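The values are calculated or read from the model by the stated rules, or taken from the named source; none is laboratory data. Owing to the predicted nature of the structure, the values given are computational and were not obtained by experimental measurement. So basically every Cβ, Gly included, is an ideal-geometry build from the backbone, and we count neighbours across all protein chains shown. Heavy atoms of the whole protein, side chains included, go into the accessibility calculation; ligands, DNA and RNA do not. Shrake-Rupley method; radii C 1.70, N 1.55, O 1.52, S 1.80 Å.
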Amino acid sequence: MRKYTFILFSLVLLVALTACDNGKKEASGDQIKNKSVEEISIKVTDASGQSLSFDKVPDSIATLSSGDLDILLSLGANVTGRPTVSGEVAKDLKTIAEIGNPHQPNFEKIAEIHPSVLIAGKSFKQHAANIEKQGTKVIFTEANSIDDIQNSIRLYGTLLQKETEAEKVNLKISKRVEGMKAEVASPVKALLVYGAPGTYLAALPNSLSGDLLEKAGGENIAADFPKEDSYPQYASLSVEKIIERNPQVVMLITHGDPNAVKDAFEKEMKKNAAWKNLDAVKNGNVVVLPSNLFGTNPGTKVVEALEVMKESLSKVK
């Protein structure tokens, strides 16, 4: 009798232990499941202050900015739409559909490729509702400083779940910015002119080129010029103030043909004889900055832009 009682007790104990074990496995499974849901819940806040949530890494992204394109590709994003640019296009970009530029988006092409996410500047906000109706989320960015570009890198790192890779890129940028501070001697007085034939504006410190100038050791003589209402990072040229402050170097920034812009600007200067008395003009320090680094957001190449700016300042006689 004792034998059967012992066997019965053992069976009951075994069933109890098995049930307990199964309960642990189920709980563990729930925890893993809940953890997985939490891990793929992605939340970002863009440059406009808009908060967006994603339940997975976007499977297709389009952008109207060359700089954002550069950052996205460096982080391994699946980019299905890129800005339309003039001139030669890198071989690895030719397979990506062109979707226009920030000033002239190709809405038909954007609808055709139907990306999960479209990245654009804040000026695109007026078109966002139509894009979002098609099921595409719009993320707004800006690039008026090195910090802005680093914020974009950080945002895309979160969006793509590549935070570590993004921080490595940002660390490289931060180290160079810090290192350059120690290399700057006396500031060089500079005038940054953004232009196209017939239209010239002075770049202010709150523009990307203005931020690069300051970090590379330049002094922006137009820092207190009244900003344009439509373009708050720029101001109208005040010839009187420019002559009074006498810049040591004039730097030209353009989206178009750099030589054509330089020729046109030199003709503009000849119309006012006072320009000839500037130290920058007398010493031949009128330079055109590379359009791929200064005419648009350079993305991860912002370090190259900083180096070019520093080199241009160091050549001032």
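Remarks
- Here ASN297 fulfils each of the conditions (1) open to solvent by 40 Å² or more (accessible area, probe 1.4 Å); (2) in a loop (DSSP other than H, G, I, E, B); (3) of a type outside the set (Val, Ile, Thr) apart from (1).
- The residue pairs whose first member lies in segment 164-179 and is closer than 14 Å to ILE149 by Cβ, whose second member is among the hydroxyl-bearing types (Ser, Thr, Tyr), and whose beta carbons are closer than 8 Å, counting only pairs six or more residues apart or on different chains, are ALA166/TYR156; ALA166/THR158; VAL169/SER74; VAL169/THR300; ILE173/THR300.
- Taking the conditions (1) out of contact with any Lys or Arg (no Cβ under 6 Å at 6 or more places or on another chain); (2) without any contact (Cβ under 8 Å) to a residue 40 or more places away in the chain in turn, GLU219 satisfies each one other than (1).
- The lone criterion from (1) at pLDDT 95 or above; (2) charged (D, E, K, R); (3) surrounded by fewer than 17 Cβ atoms within 10 Å (Cβ to Cβ) left unmet by GLU88 is number (1).
- Residues in segment 264-294 that are under 19 Å from the mean Cα position of the chain (by Cα) and surrounded by fewer than 19 Cβ atoms within 10 Å (Cβ to Cβ) were compared, and the one that is farthest from ASN246 (Cα to Cα) is ASN292.
- Residue, farthest from TYR231 (Cα to Cα), within segment 72-123, restricted to residues that are in a loop (DSSP other than H, G, I, E, B) and among the charged types (D, E, K, R): LYS94
- Residue in segment 224-243 that is buried (at least 20 other Cβ atoms within 10 Å of the Cβ), closer than 16 Å to GLU307 by Cβ and in contact with a strand residue (DSSP E or B) (Cβ under 6 Å, 6 or more places away or on another chain) present: no
- Condition check for VAL184: open to solvent by less than 20 Å² (accessible area, probe 1.4 Å), at pLDDT below 95 and not aromatic (Phe, Trp, Tyr): no
- For VAL303, the stated conditions hold: it is farther than 17 Å from VAL188 by Cα and of a type outside the set (S, T, N, Q).
- Number of the exception - LEU306 against (1) outside any loop (DSSP other than H, G, I, E, B); (2) surrounded by fewer than 19 Cβ atoms within 10 Å (Cβ to Cβ): (2)
- Residue within segment 27-50 that is at pLDDT 90 or above and open to solvent by 70 Å² or more (accessible area, probe 1.4 Å) present: yes
- Filtered residues of segment 253-263 (kept if open to solvent by less than 10 Å² (accessible area, probe 1.4 Å) and more than 20 Å from PRO187 (Cβ to Cβ)): THR254, VAL261
- ALA166 among the hydrophobic types (A, V, I, L, M, F, W, C), under 16 Å from ILE61 (Cβ atoms) and either open to solvent by 70 Å² or more (accessible area, probe 1.4 Å) or touching a helix residue (DSSP H, G or I) at 6+ places or on another chain (Cβ under 7 Å) (or both): yes
- Pairing each residue of segment 114-138 that is more than 19 Å from TYR156 (Cβ to Cβ) with any residue that is in a helix (DSSP H, G or I) and open to solvent by 10 Å² or more (accessible area, probe 1.4 Å), provided the two are 6+ apart or on different chains, yields C-beta distances under 7 Å for GLN134/ALA111.
- Some residue of segment 196-203 being more than 18 Å from THR296 (Cβ to Cβ), surrounded by fewer than 17 Cβ atoms within 10 Å (Cβ to Cβ) and modelled with pLDDT under 95: yes
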